[in-house]
1. Going by what's in this entry, would F312 be described as in a helix (DSSP H, G or I), open to solvent by 10 Å² or more (accessible area, probe 1.4 Å), touching a strand residue (DSSP E or B) at 6+ places or on another chain (Cβ under 9 Å) and not basic (K, R)?
2. Where residues in segment 192-215 are in a loop (DSSP other than H, G, I, E, B), in contact (Cβ under 8 Å) with a residue 24 or more places away in the chain and open to solvent by 10 Å² or more (accessible area, probe 1.4 Å), which of them is nearest to G163 (Cα to Cα)?
3. Quick test for you: out of E299, E332, pick the one residue that is open to solvent by 40 Å² or more (accessible area, probe 1.4 Å), among the charged types (D, E, K, R), modelled with pLDDT under 95 and assigned to a helix (DSSP H, G or I).
4. Restrict the check to segment 45-54 and report whether at least one residue is at pLDDT 90 or above, touching a Gly at 6+ places or on another chain (Cβ under 8 Å) and open to solvent by 10 Å² or more (accessible area, probe 1.4 Å).
5. Would you tally the residues in segment 126-143 being in contact (Cβ under 8 Å) with a residue 12 or more places away in the chain, more than 18 Å from the chain's Cα centre (by Cα) and loosely packed, with under 15 Cβ neighbours inside 10 Å?
6. Please find, within segment 353-376, the residue that is farthest from W148 (Cα to Cα) out of those that are hydrophobic (A, V, I, L, M, F, W, C) and open to solvent by less than 60 Å² (accessible area, probe 1.4 Å).
7. Are there any pairs with C-beta distances below 6 angstrom linking a residue in segment 167-178 that is touching a residue at least 24 places away in the same chain (Cβ under 8 Å) to a residue that is among the small types (G, A, S) and assigned to a strand (DSSP E or B), with the two at least 6 apart or on different chains, and if so which?
8. Return yes when D270 is under 24 Å from A316 (Cα atoms), in a strand (DSSP E or B), open to solvent by less than 10 Å² (accessible area, probe 1.4 Å) and of a type outside the set (S, T, N, Q) and no when it is not.
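The values are calculated or read from the model by the stated rules, or taken from the named source; none is laboratory data. Since the model is a prediction, treat every value here as computed from it, not as a measurement. Glycine gets a Cβ as well: all are built from the backbone with ideal geometry, and neighbour counts include every protein chain shown. All accessible areas refer to the heavy atoms of the entire protein, side chains included, with ligands and DNA or RNA removed. Shrake-Rupley method; radii C 1.70, N 1.55, O 1.52, S 1.80 Å.
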Amino acid sequence: DLGATPEELQTTLEEGGSWLLAAVPEGRHPSEEQRRSLARKAARLAPGATLLLFVPGVPSQRDLAAWRDLLWPTLHVVRWYGFATGRVVRHLLAGEQEVGNSTLSGALLVARRRAEVMSPEATVAKFDANAEGWDGKRGTPGYPHHRWMRRYVALFGGRPPRGARILDFGSGAGWCGVEAARRTPASRLYAFDPSPEMVRIAERNAADAGIESFTGRTGFGEDPPFPAEGEEPFDWVISSGVISFSPDPESWFDGITRTVRPGGTLVIGDINRTSRGFRGRRRRRPLLPVRELGAWTREEVRRELEGRGFRFQRWAGYQLTRPIPQLMHLNETKLHGLLTYPLLWSNQLAAALDRGLHSPLQAAFDSWVIHLVREA
């Protein structure tokens, strides 16, 4: 199932090969020596190689999540196999499937280098493949909430001034930039994303919204394609759900700083790894998207940007945590949209309350947004 024969595995056990196998004792929590041993193996894993970590017995998913955390942040668990009652079941983020038979009992974690999982090539392929899904589908029960979240981030810093040059930094389908530009007379909207397909969709959405001036490019936040040589930095920069995808956050913060003119506005939103919901997911689930494990807190982002000459204005949480996302999924898959607006109104009211109270309710939200101004 992994594309390797038993012979290949048996002959490449040495460090430096394409595969590295490791096993842990049954029924024991990781000892300090095991932690050090795994850290050494992870650090010496050859580029492009895969670590297979076998946990014997009947480990719970919480046990497997603990082993995953031992490998992070050098390695990221991309799938795991469960061996029980003669069956082998493959577990991916997209679901599970029986793939064979075995007399083993235990679980096999499959891990790759985090830098490779988050590489530019992997990012472009993933975004291109999922571009239409991330655009949101008009007419579905989840679409009103999809648009509200983008609008909330887009306008968190207020309405851009007339004629503003607005940059959607890592635009995805472009909705944050579109929501800001369509409320700003004579504005000019610019957007970039690693995915050419995302940029194409962003251009389409801007045209459908009646935005006459749109310029799209491909690129990464670590080395943004705006402003190019001879171009000016921007009056208004919005970045939603981007920093958690970066394999090199220091370069990313430098990159976004270069795009904001002195006195310009910067709004950043992303997922909140400290929310009750996300903390529970980390404890219970062996598999998580790499961005969930590496997401930055708003305090960390504020500190980095203040160190680069930005002045903090305000922040808030949005998107209520568990069980709201689960109820929204149920609403979309089983209830035919019956709860669409009650759930949306709950999120809107909670976000407004948190913002009005200067955001003391952070743990109640799965996402945060922060507004800063670059010092003149």
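1. Working: in a helix (DSSP H, G or I): no; open to solvent by 10 Å² or more (accessible area, probe 1.4 Å): yes; touching a strand residue (DSSP E or B) at 6+ places or on another chain (Cβ under 9 Å): yes; not basic (K, R): yes.
When the stated conditions are applied, F312 does not pass them.
2. Just the residues of segment 192-215 that are in a loop (DSSP other than H, G, I, E, B), to begin with: 194-195, 209-213.
With in contact (Cβ under 8 Å) with a residue 24 or more places away in the chain added as a condition, the list becomes 194-195, 209-211, 213.
After this cut, where a residue has to be open to solvent by 10 Å² or more (accessible area, probe 1.4 Å) as well, the list is 194, 209-211, 213.
Values: P194: 27, A209: 17, G210: 15, I211: 12, S213: 11 Å.
Going through the qualifying residues, I end up with S213.
3. Working: E299 fails: modelled with pLDDT under 95.
Being open to solvent by 40 Å² or more (accessible area, probe 1.4 Å), among the charged types (D, E, K, R), modelled with pLDDT under 95 and assigned to a helix (DSSP H, G or I) holds for just one of E299, E332, which is E332.
4. Within segment 45-54 (the criterion being at pLDDT 90 or above, touching a Gly at 6+ places or on another chain (Cβ under 8 Å) and open to solvent by 10 Å² or more (accessible area, probe 1.4 Å)), the answer is yes, since at least one residue qualifies.
5. Let us first name the residues in segment 126-143 that are in contact (Cβ under 8 Å) with a residue 12 or more places away in the chain, namely 127-128, 131-132, 134-136, 140-142.
With the extra rule that they be more than 18 Å from the chain's Cα centre (by Cα), the set shrinks to 140-142.
Now narrow it down to the ones that are loosely packed, with under 15 Cβ neighbours inside 10 Å: 140.
Of the residues in segment 126-143, 1 are in contact (Cβ under 8 Å) with a residue 12 or more places away in the chain, more than 18 Å from the chain's Cα centre (by Cα) and loosely packed, with under 15 Cβ neighbours inside 10 Å.
6. We begin by selecting, within segment 353-376, every residue hydrophobic (A, V, I, L, M, F, W, C); these are 353, 357, 361, 363-365, 368-370, 372-373, 376.
Next, only the ones that are open to solvent by less than 60 Å² (accessible area, probe 1.4 Å) stay: 363-365, 368-370, 372-373.
Details: A363: 21, A364: 18, F365: 15, W368: 14, V369: 14, I370: 17, L372: 21, V373: 24 Å.
Here the residue is V373.
7. Once the first residue is touching a residue at least 24 places away in the same chain (Cβ under 8 Å) and sits in segment 167-178, its partners that are among the small types (G, A, S) and assigned to a strand (DSSP E or B) give D168/A191; F169/S239; G170/S239; S171/A191; G174/A191; C176/S240; G177/A191.
8. yes
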